[in-house]
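Q: Dumping the structure here so I can ask a few things about it.
The values are calculated or read from the model by the stated rules, or taken from the named source; none is laboratory data. Because the structure is predicted, anything quoted here is derived from the model rather than measured. Positions of Cβ are generated from backbone atoms using ideal geometry, with glycine treated the same way; all protein chains shown enter the neighbour counts. Keep in mind that these areas ignore ligands, DNA and RNA; they rest on the heavy atoms of the full protein, side chains included. Shrake-Rupley method; radii C 1.70, N 1.55, O 1.52, S 1.80 Å.
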Amino acid sequence: MSEESRRPIRRALVSVYDKTGLDELARALSDAGVEIVSTGSTASQIEKAGVRVTRVEELTGFPECLDGRVKTLHPRVHAGLLADLRLPAHVAQLAELGIEPFDLLVSNLYPFRETVASGASVDECIEQIDIGGPAMVRAAAKNHASVAVVTTPLAYPAVVEALGTGGFTLPQRRRLAARAFADIAEYDVAVAQWTSAVLDPDDGDGWPAFTGMALRRSAVLRYGENPHQPAALYSDPDSPPGLAQAEQLHGKEMSYNNYVDGDAAWRAVHDFTDPCVAIIKHTNPCGIAVGADVAEAHRKAHACDPVSAFGGVIATNVPVSVAMAEQVAEIFTEVIVAPSYEDGAVEVLSAKKNLRILRAPEWAPWPAEFRQVSGGLLVQMADRVDAPGDDPANWRLVSGEAAGDATMADLVFAWRAVRSVKSNAILLASDRAAVGVGMGQVNRVDSARLAVARAGERAAGSVAASDAFFPFADGPQILIEAGVRAIVQPGGSIRDEEVIAAAKAAGVTMYLTGTRHFFH
Ligand SMILES: NC(=O)c1ncn([C@@H]2O[C@H](COP(=O)(O)O)[C@@H](O)[C@H]2O)c1NC=O
């Protein structure tokens, strides 16, 4: 970096809501001979720290007014931030107008998102929409050729360093400007989303007219789904934390596919409250089970399809025990995701050099789901297993005898587990463990065949769940012939009668839930 591109810091404008680190920053600026201009309570705090400060009113000759709605919105401030000092005409104009340029802006904004999250009234939220701050940040970021802009206390050490090295270099100012634009864009997305939802709720059918996302890159990945696809991970500060925020405790770098499968596994286990283990391959469970403890759940999940579990991604909804870790350490596994690990479990798992061990933040379901389509994005409220049709008390018995406790427990398990299987989905279960999964087929008959084939002898006496209704009796017929003794499915086909008749003829129990759980 060339020394020429540095711009010495002689005059700084400081206007911050978050006053963390302000005293130290002000002292460092003052010690370096920088003139500090500041607003209301920022200036008061700097003065209290024993540092000389020029109040912005002295500069503008205009009082801060309207409860702080107008503080820095003045040409003497904005000309000082926007003058391009590379241009002699700008320099001459500033001199004519008697305006001094700023070399540094330090500003952070009113806490709009935090105020909304606190449940404050509409008027209180509106008052927390910062106007002057973003205007200054935008001005300084645009004019990074002449001004450095800092929008977070985390960057104060960099300011102190720059004071000692003759100022920020141009590449540094560019980077600061890019971060500043990202900060105000994120702020504006939050404001626009809130105003669209709260001030303009009736413009459509319950969906806001605007939605946005402000994503921050959190990792550059080795590649995407395939080695020729560059890829990165971005995190959404407005989303409940999840896999993107998980802490990696051991193992090889996470890949794109690891994240995709890890997320499927993490979602699957949280449909259960009992200790649950899901083993995912290519976003589908090749094993999922609940148990009295997590080690038992893992044994049962693994037994579903040990061939496919090779190289799988495992998640649990409870801490991983040493007993489970010892089992997992025997099997080639790509990733394990858990809320935590009991003492000694990570050590056992770490014997596998490459196994990625992740501790994910506490499960927080996201309200809406997004899916890219060419030219746009589909948005839907997330699917959950909390619809009336997910409560077995609301299931309708349409064939055979009412299920006893053990059979009902298996049906409830199968109904929850099938939600994690890509449509068309058929899942056979025994003893609250999947024993055969038919996933992602383009007709339900093939899904039934696949589930039965995978279950083998275990199909006889198992129960089955179907994520959507059977359009014909051929699907259930395959299950019945394999010895399935009870079936749960949404119902709602125009041929329900044929489907129910097939179950009745075989004396097989069939419940209709009235709720569908397609998962594409
Ligand atoms: N309106 C204005 O002219 C204005 N100028 C700066 N602010 C904000 O006021 C805050 C600092 O104010 P104070 O120094 O009084 O605590 C900063 O968050 C800054 O972004 C303003 N306030 C809101 O719009």
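Q: If the cut-off is a Cα-Cα distance under 15 Å, which aspartates and glutamates reach residue 352, setting aside same-chain residues fewer than 8 apart in sequence?
A: Filter leaves 253, 326, 330, 334.
Q: Could you tally the net charge around residue 246, taking each other residue with its Cβ under 15 Å from the Cβ of residue 246, Lys/Arg +1 and Asp/Glu -1? Kindly include the intermediate steps, with their values, before the conclusion.
A: Values: positive: 252, 267, 356, 359; negative: 236, 247, 253, 261, 263, 334, 362.
Taking every other residue near residue 246 into account, the sum is -3.
Q: Measure nothing but the geometry: give the 0 to 90° angle between the long axis through the Cα atoms of 132-142 and the longest principal axis through the Cα atoms of the chain, rounded to 10°.
A: The angle comes out near 80 degrees.
Q: Moving to a separate point now. Let me check I've understood the local charge: for residue 385, count other residues with C-beta under 14 angstrom from its C-beta, Lys and Arg +1, Asp and Glu -1. What total comes out?
A: On the way: positive: 267, 384, 416, 419, 516; negative: 271, 274, 383, 386, 390, 391, 467.
My count for the surroundings of residue 385 gives -2.
Q: So, in nm, how far is label residue 329 from label residue 505 when the simple model puts each one 7 Å beyond its Cα toward the Cβ?
A: Placing both labels 7 Å along Cα→Cβ, they lie 5.5 nm apart.
Q: Would you please give the FRET efficiency between residue 273 and residue 84, computed as 1/(1 + (r/R0)^6) with r the Cβ-Cβ distance and R0 = 45 Å, to the nearest 0.05? List each step's numbers first, then the result.
A: Working: r = 62 Å, r/R0 = 1.37.
My answer for the efficiency is 0.15.
Q: Starting with the highest mean, order 61-74, 486-499, 101-114 by the number of other Cβ atoms within 10 Å, averaged over the residues of each peptide.
A: On the way: 61-74: 13.9, 486-499: 19.9, 101-114: 21.7.
The peptides rank, most packed first, as 101-114, 486-499, 61-74.
Q: Measure nothing but the geometry: give the 0 to 90° angle between the long axis through the Cα atoms of 405-417 and the longest principal axis through the Cα atoms of the chain, rounded to 10°.
A: Approximately 40 degrees, to the nearest ten.
Q: I would also like to ask the following. With θ set to phi - 60°, apply the Karplus curve 6.51 cos²θ - 1.76 cosθ + 1.60 along the stretch 475-485 and write out the HN-Hα couplings as whole Hz, x wherever there is a Gly or Pro.
A: Ordered by residue, 3J(HN,Hα) equals x, x, 4, 4, 5, 4, 5, 7, x, 5, 9 Hz.
Q: Related question: Considering only protein heavy atoms and a probe of 1.4 Å, how much of the accessible area of the chain is carbon and sulfur, as a whole percent? Write down the numbers at each step before the final one.
A: Working: 12950 of 24510 Å².
Carbon-and-sulfur percentage of accessible area, whole number: 53.
Q: Relative to the longest principal axis of the C-alpha atoms of the chain, give the angle of the C-alpha long axis of helix 496-506, reported between 0 and 90° and rounded to the nearest 10°.
A: Once rounded, one gets 50 degrees.
Q: Return the long-range amide H neighbours of residue 54 (sequence gap of 5 or more, or a different chain), with a cut-off of under 5 Å between placed amide H atoms.
A: Amide H neighbours of residue 54, under 5 Å, 5+ apart: 36, 37, 38.
Q: Mind checking the alpha-carbon convex hull of the stretch 270-394 and giving the volume per residue in Å³? All intermediate terms of the calculation are to be shown ahead of the outcome.
A: Numbers: hull volume 17.4 nm³, N = 125.
Taking the convex hull of the Cα positions in the stretch 270-394, it is 139 Å³ per residue.
Q: Which percent of Cα pairs goes in each bin when the distances of the stretch 45-92 are cut into 10 angstrom slices starting at zero?
A: For the stretch 45-92, the pair-distance distribution reads 22, 37, 31, 9.
Q: To continue, here is another question. If you place +1 on the Cβ of every Lys and Arg and -1 on the Cβ of every Asp and Glu, how big does the dipole about the Cα centre of the chain come out, in debye to the nearest 20?
A: Numbers: 47 positive and 65 negative charges, 288 e Å.
Its charge dipole is roughly 1380 debye.
Q: Okay, next question. With both bridge residues required to lie in the chain, what share of the DSSP beta bridges run antiparallel, to the nearest 5%?
A: Working: 39 of 69 bridges.
Antiparallel bridges make up about 55 percent of those DSSP assigns within the chain.
Q: For the stretch 162-176 and the stretch 474-520, compute the distance between their C-alpha centroids and round to whole Å.
A: 69 Å
Q: Could you provide, to the nearest whole Å², the per residue accessible area of the stretch 395-520 with probe 1.4 Å? Intermediate results must be reported in sequence, preceding the final value.
A: Numbers: 4850 Å² over 126 residues.
On a per-residue basis, 38 Å².
Q: Shifting gears a bit: Rounded, prolate or oblate: which fits the stretch 248-303 when a ≥ b ≥ c are the square roots of the eigenvalues of the alpha-carbon gyration tensor, with rounded for a/c under 1.5 and prolate only if a/b beats b/c? Spell out each step's value before the answer.
A: On the way: a/c = 1.99, a/b = 1.70, b/c = 1.17.
Because a/c hits 1.5 or more and a/b exceeds b/c, the stretch 248-303 counts as prolate.
Q: Moving to a separate point now. Run the quick spin-label model on residue 407 and residue 49: label points 7 Å from Cα toward the beta carbon, then report their separation in nm to one decimal.
A: Taking the two extended label points, one gets 7.4 nm.
Q: Give the average over all directions of the projected area of the C-alpha convex hull of the stretch 2-47, one decimal, in nm².
A: Details: hull surface 14.9 nm².
The Cα convex hull of the stretch 2-47, projected and averaged over all directions, gives 3.7 nm².
Q: Another question about this same structure. For the chain, with equal point scatterers placed on the C-alpha atoms only and solvent neglected, what are the log10 I(q)/I(0) values from the Debye formula at q = 0.05, 0.09, 0.11 1/Å, to two decimals?
A: Values, matching the q order: -0.32, -0.79, -0.97.
Q: I'd like to compare 295-303, 195-203: which one has the highest average count of other Cβ atoms within 10 Å, and what's the full order after that? Can you show the working numbers first?
A: Numbers: 295-303: 22.4, 195-203: 12.8.
Going by the mean number of other Cβ atoms within 10 Å, highest first, we get 295-303, 195-203.
Q: Now for a separate question. Towards the positive end of the charge dipole of the chain, with charges on Cβ (+1 Lys, Arg; -1 Asp, Glu), say which of 382, 191, 87 has the farthest Cα.
A: The residue sitting farthest along the positive end of the dipole is 87.
Q: Tell me the label-point distance for the pair residue 443, residue 520, using the 7 Å Cα-to-Cβ offset, in nm and rounded to one decimal.
A: 2.0 nm
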